[in-house]
1. When the chain is fully extended, how far beyond the present Cα-Cα distance does residue 490 get from residue 126, taking 0.36 nm per residue of separation?
2. Would you mind putting 308-318, 491-501 in packing order, based on average other-beta-carbon counts within 10 Å, highest first?
3. Going by C-beta contacts inside 10 Å, put 335, 302 in order with the fewest on the left.
4. I want to verify the translational diffusion coefficient of region 246-465 in µm²/s; compute it with Stokes-Einstein, Rh as the Kirkwood radius over Cα pairs, at 25 °C and 0.890 mPa s.
5. Can you divide the C-alpha Rg of region 48-121 by 2.2 N^0.38 Å and report the result to two decimal places?
6. Between residue 395 and residue 284, what length comes free when the chain is fully extended (0.36 nm per residue of separation minus the Cα-Cα distance, one decimal in nm)?
7. Classify region 457-586 as rounded, prolate or oblate, taking a ≥ b ≥ c as the square roots of the eigenvalues of its Cα gyration tensor: rounded when a/c is under 1.5, otherwise prolate if a/b is larger than b/c and oblate if not.
8. Would you work out if region 504-571 is rounded, prolate or oblate? Take a ≥ b ≥ c from the square roots of the eigenvalues of the alpha-carbon gyration tensor; rounded if a/c is under 1.5, else prolate when a/b is larger than b/c, oblate otherwise.
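Computed from the coordinates by the stated procedures, all read-outs in this text should not be read as laboratory data. This is a predicted model, so every value here is computed, not measured. Cβ placement follows ideal geometry from the backbone for every residue including glycine, while neighbour counts extend to all protein chains displayed.
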């Protein structure tokens, strides 16, 4: 005769069924499954919350959610990364973090349910141990995180989660069916589960204790997260940034490239020349057109696309930039040494290679920094060093051809953005800005090393993931107004306006086509050089109905923007931006 334990497991899912998903439905229908699910979710929540608490206490140790997320970003297939950027844009990191939390809680719930299946009660503890090992490995792999500290925090979080689960299950004892297999069911319909007549075998007293325990675990989890946020003061990076005044350094006048009809050469009004801010103020831009992108993108509106789930907080007091590789004189620079150099200001448009036609992953800003060629001259670039590779503090890399630095474009080690120190989310204390290249091959934020190597010796982060090794920015244009949801009124003059860019070639003309009509040339706003975007405008008096608007640009080299369409992979999108507009009758 089988004992009661054998009988209780007769209908329980096997381990292989649970792991491949076929037994999950049976698992959650086991006696007391809801209790186990809730206890497991609570345990996982407490573990994650502990990680958030430590993250608030210690800048250098990332939360478990962030650590796992960064590993997922690094090891995800390219199509998944591309899809997330296309679907969520700059919100992709928040969506990933929410997804990690949700999946962790679900897994925790399933582990808790396993705790009530005889002969499977070891599963949740093994699961939480795996939780700690994964968390420790992902946190320790972060170059900015202390190795031993990362492991201690992750394992402590897993232990806390498993302990929470164990305590909650003890508060609500759930015992499996114990009737011998030969004993027939009670014809009176009495429950076969020992422990009272409550559903799932949870007695009244146990249920109350259990619910109080769940509530306590929830309060503890929320409290740990709140406490972590509360004790987190400004980082050393933010504190240092607040004390920097770039205006005390008077930059020399910029040199705008020639070629585009709208480029305005700086005019020397003093011995030193006017500041870039003064030159921009004198431009005849189209900022007054409602809905158009401003000529200079404010820092808080400038797009951010990178692989860091949380912004690295780099204390400039402990930071150095190293020049390594194929150079005659390897050396290091401190942040104070960079600030003491002759800083220059240039207006440069940046764009992400993942920016779809008409997308918003593009911005125009005034960048302050030191010409990269000056820094490399000090290092002494060796013959054959035809690739410049930048490396960030979190080991992200990008490389571009060395000869591009000598073709007249602006390439900066930037420390400022729009007249203030770089925001931490945009690379403080220093980053690279190379005009005319997509960010994935050049715009290294939080940079700590510039390495000279050969073109064939190294591939930047995105190249092995299927993106082109060369990333010249393509000629693009975008309709800002009217937007698809706008409803102009027939017979009323309406602005068709937007931006166009083609660093380092500049924009010579922009044309708009309404429905199947002829291409019409637009008015262009002035721009400070060919590395900057330009604003364009066309007045339109529409008729009632639905109209199709298209835009295309002609760059300073006389090349018309390709009609496309072409996908963003592997080297950037191509196509004419099209907007459908519904015009109401007057």
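1. On the way: separation 364, 0.36 × 364 = 131.04 nm, distance 6.82 nm.
Taking 0.36 nm per residue and subtracting the Cα distance, the gain is 124.2 nm.
2. In decreasing order of mean packing, 308-318, 491-501 become 491-501, 308-318.
3. Working: 335 21, 302 18.
With the fewest neighbours first, 335, 302 line up as 302, 335.
4. Details: Rh = 18.2 Å.
The calculation lands on 135 µm²/s.
5. Working: Rg = 15.5 Å, N = 74, 2.2 N^0.38 = 11.3 Å.
After normalising by residue count via 2.2 N^0.38 Å, the value is 1.37.
6. Length gained, residue 395 through residue 284: 35.7 nm.
7. Here region 457-586 falls in the prolate category.
8. Working: a/c = 2.39, a/b = 1.35, b/c = 1.77.
Oblate is the answer for region 504-571, as a/c is 1.5 or above yet b/c matches or exceeds a/b.
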